[in-house]
Amino acid sequence: QAQLVESGGGLVQAGDSLRLSCAASGRTFSRYAMGWFRQAPGKEREFVAVISWSGGSGSTIYADSVKGRFTISRDNAKNTVYLQMNSLKPEDTAVYYCAADTVYGRRSPNAYSYWGQGTQVTVSS
């Protein structure tokens, strides 16, 4: 099983950047696709990005709202997945969660087996 812990959130101004990290423990981290989701107050949890277990070319998917601004990556040697967030907007404000899935490419939170505790990202205008 996987245990996930996010870090790197904070309070920033519009246009700033943040890099979120998700540290994983467990025997099967490299076998999971890793996704990032976010949830704003009063809103449903929404898909942000996912990366395959290999992290190779053509192995990432992004929500339209973040495409071109956010980059997901993983370092299996460090058991860590990252979300680089550039050109942040107030609409990006949410709690960000990383999650693990046994299948690559799914966008529904219900598909993901393991979740971190979340890290708050707040973007002020």
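Okay, residues lined up against (1) at pLDDT 95 or above; (2) under 19 Å from E6 (Cα atoms):
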{"position": "W36", "(1), (2)": "yes, yes"}
{"position": "P41", "(1), (2)": "no, yes"}
{"position": "W53", "(1), (2)": "no, yes"}
{"position": "R69", "(1), (2)": "yes, no"}
{"position": "Y114", "(1), (2)": "no, yes"}
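Inspect segment 17-27 for any residue being within 14 Å of the chain's Cα centre (by Cα), open to solvent by 40 Å² or more (accessible area, probe 1.4 Å) and not aromatic (F, W, Y) and give the result as yes or no. Outline the logic, then answer.
So the first thing to find is which residues in segment 17-27 are within 14 Å of the chain's Cα centre (by Cα), and the list is 18-24.
Of the ones still in play, those that are also open to solvent by 40 Å² or more (accessible area, probe 1.4 Å) are 19, 23.
With the extra rule that they be not aromatic (F, W, Y), the set shrinks to 19, 23.
Yes; the residues of segment 17-27 include at least one that is within 14 Å of the chain's Cα centre (by Cα), open to solvent by 40 Å² or more (accessible area, probe 1.4 Å) and not aromatic (F, W, Y).
Yes or no: V5 among the aliphatic types (A, V, I, L, M), open to solvent by 60 Å² or more (accessible area, probe 1.4 Å), over 22 Å from S124 (Cα atoms) and over 14 Å from the mean Cα position of the chain (by Cα)?
Details: among the aliphatic types (A, V, I, L, M): yes; open to solvent by 60 Å² or more (accessible area, probe 1.4 Å): yes; over 22 Å from S124 (Cα atoms): yes; over 14 Å from the mean Cα position of the chain (by Cα): no.
When the stated conditions are applied, V5 does not pass them.
So the check is Cβ under 8 Å with 6+ separation or different chains; which pairs have a first residue in segment 5-31 that's β-branched (V, I, T) and a second one that's in a strand (DSSP E or B) and open to solvent by 60 Å² or more (accessible area, probe 1.4 Å)?
Cβ pairs passing all conditions: none.
Criterion first (more than 13 Å from the chain's Cα centre (by Cα), surrounded by fewer than 13 Cβ atoms within 10 Å (Cβ to Cβ) and of a type outside the set (S, T, N, Q)) does A40 satisfy it?
Details: more than 13 Å from the chain's Cα centre (by Cα): yes; surrounded by fewer than 13 Cβ atoms within 10 Å (Cβ to Cβ): no; of a type outside the set (S, T, N, Q): yes.
The answer is no for A40.
I'm trying to understand the selection: among the residues of segment 71-125, which are within 20 Å of S30 (Cβ to Cβ), outside any strand (DSSP E or B) and open to solvent by less than 40 Å² (accessible area, probe 1.4 Å)?
Within segment 71-125, G105, A111, Y112, G116 qualify.
The values are calculated or read from the model by the stated rules, or taken from the named source; none is laboratory data. Just so we're clear, the structure is a prediction, and the values are computed from it rather than from any experiment. As a convention, Cβ positions derive from the backbone with ideal geometry for all residues, glycine included, and neighbour counts pool all protein chains shown. Side chains included, ligands, DNA and RNA excluded: accessible areas come from the protein's heavy atoms. Shrake-Rupley method; radii C 1.70, N 1.55, O 1.52, S 1.80 Å.
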